[in-house]
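First up is the structure itself, then whatever we jot down about it.
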Amino acid sequence: MELIESIIAMQKESEELRRRGAIIALVPTMGYFHEGHLSLMRYAKKNADKVITSLYVNPTQFAPNEDFSKYPRDFERDYKLAKDNGTDYLFFPNNEEIYPVGFNTYINIKGITEKFEGKTRPTHFNGVATVVAKLFNITKPHLSVFGQKDYQQTLVIKQLVRDLNFDIKIIVLPTYREHDGLAMSSRNVYLSADLRAKANIIFKTLSKAKDLILSGEKNSEKIEEFMKAHLNSVPEIKIDYASAVCAENLVQKLNFESGDEIALLIAAYLGSTRLIDNMLVKVP
Ligand code: AMP
């Protein structure tokens with residue numbers, strides 16, 4: 001595995017790979033790898049000739065009150081894990097490289113970014129879209145791999161690719177979970193042992209809501225009430241949102257119909273840690 005820190009060197013390498021006819025896959029990450037990240041790298045390795053994993057904690061997707069400075073980092077461990085899981089190039093730029101003095105262009109996606117994560121974190125998706133567009137231009141991939149864990153983000157990225165005509169296939173892979181169902185996340189390390197033991201309430205709630213839909217419930221208000229009541233069985237939880245919406249565009253619909261695909265979306269605080277998760281369900 002090659003470590004590349006400069007944009008020019010990465011672009012040169014990608015250009016040369018393309019000239020030689022190699023299929024390039026990009027896995028964008030903020031590091032502190034867990035099995036979820038590694039599953040994306042392994043998929044990329046199976047489906048492309050060369051895998052570029054980017055490791056960059058992107059400041060523009062964090063609001064001033066968020067956890068940018070304390071976001072967990074462990075470069076040595078990440079380097080080894082990336083190397084052992086199919087990454088050919090670890091792209092590891094610094095902030096001066098990505099946002100040099102005079103940087104002044106931001107991508108502002110409307111619609112899909114204005115609800116759920118975008119409501120609580122109004123500048124978040126602009127930062128994500130901007131850095132991902134830059135990474136696409138730097139690494140020149142044929143495909144790029146994302147996790148369903150950040151479901152709204154995958155819709156934002158697909159919108160970006162459609163609207164700006166990036167010739168890149170977007171792959172979305174299933175959420176990797178801990179044994180008790182908690183979605184793996186770099187942020188899980190923030191949880192105390194006590195709250196960690198209770199954190200799978202989110203997965204349990206999603207699973208029960210899925211069962212409810214599969215047994216015939218089509219009313220979104222009833223599904224949402226059910227999810228909120230179930231989440232509130234853990235007193236330390238503070239719900240940001242618990243919603244059942246159309247999976248395609250996150251639009252609300254009072255009564256779902258047979259064949260609709262529903263996205264169940266949850267964001268909740270456990271203590272001061274904000275966790276998100278989701279599940280997709282096809283209405284029978
Ligand atoms: P992050 O480093 O948190 O920005 O995540 C980098 C990529 O890994 C994103 O596409 C995430 O959606 C994906 N990802 C994060 N957690 C998981 C998980 N538990 N399972 C699968 N993919 C994940």
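Every number here is computed from the coordinates shown, using simple stated rules; none is lab data. This one's a predicted model, so the numbers in the text were calculated from it and none came from an experiment. Glycine gets a Cβ as well: all are built from the backbone with ideal geometry, and neighbour counts include every protein chain shown.
Worth pointing out:
- Helix-only arithmetic for the chain: the sum of -39500 (n - 2.57) across DSSP H runs with n ≥ 4, divided by the residue total, places the mean residue ellipticity at 222 nm at -11000 deg cm²/dmol.
- Reach of Lys198 by Cα under 17 Å, taken over lysines that are not fewer than 8 positions away in the same chain: Lys208, Lys228, Lys238
- Rounded to the nearest 20, the size of the Cβ-charge dipole of the chain about its Cα centre is 280 debye, with Lys and Arg at +1 and Asp and Glu at -1.
- In straight-distance terms, cross-link reach from Lys140 covers every one of the aspartates and glutamates whose alpha-carbon lies under 14 Å from its own, apart from those fewer than eight places away in the same chain; here that gives Glu13, Glu15, Glu16, Asp49, Asp167.
- Among beta bridges from DSSP that stay inside the chain, the antiparallel ones total about 50%.
- When Val101, Val281 are sorted by how many other C-beta atoms sit within 10 angstrom of their C-beta, beginning with the fewest, the order is Val101, Val281.
- Cα gyration tensor category, rounded, prolate or oblate, for region 1-49 with a/c compared to 1.5: oblate
- Charge dipole magnitude, Cβ of K and R +1, D and E -1 - region 52-186, Cα centre, debye nearest 20: 360
- Taking the number of Cβ atoms within 10 Å of each Cβ as an exposure proxy, the fewest-first ranking of Arg18, Arg162, Arg42 is Arg162, Arg18, Arg42.
- Residue (of Leu38, Ile107, Leu270) at the positive-pole extreme of the chain, dipole from beta-carbon charges: Leu38
- Distribution of pairwise C-alpha distances over region 1-86, 10 Å bins, in %: 16, 44, 31, 8, 1
- GNM flexibility winner over the chain from Leu40, Leu212, Leu182 (Cα, springs under 10 Å): Leu212
- Over the chain: Rg over Rh, Cα atoms, Kirkwood Rh: 0.97
- Within the chain, longest stretch free of exposed GluC sites (Glu not before Pro) [DSSP loop, at most 12 other beta carbons within 10 Å]: 6-247
- Fewest-first ranking of His124, His34, using other Cβ atoms within 10 Å as the exposure measure: His34, His124
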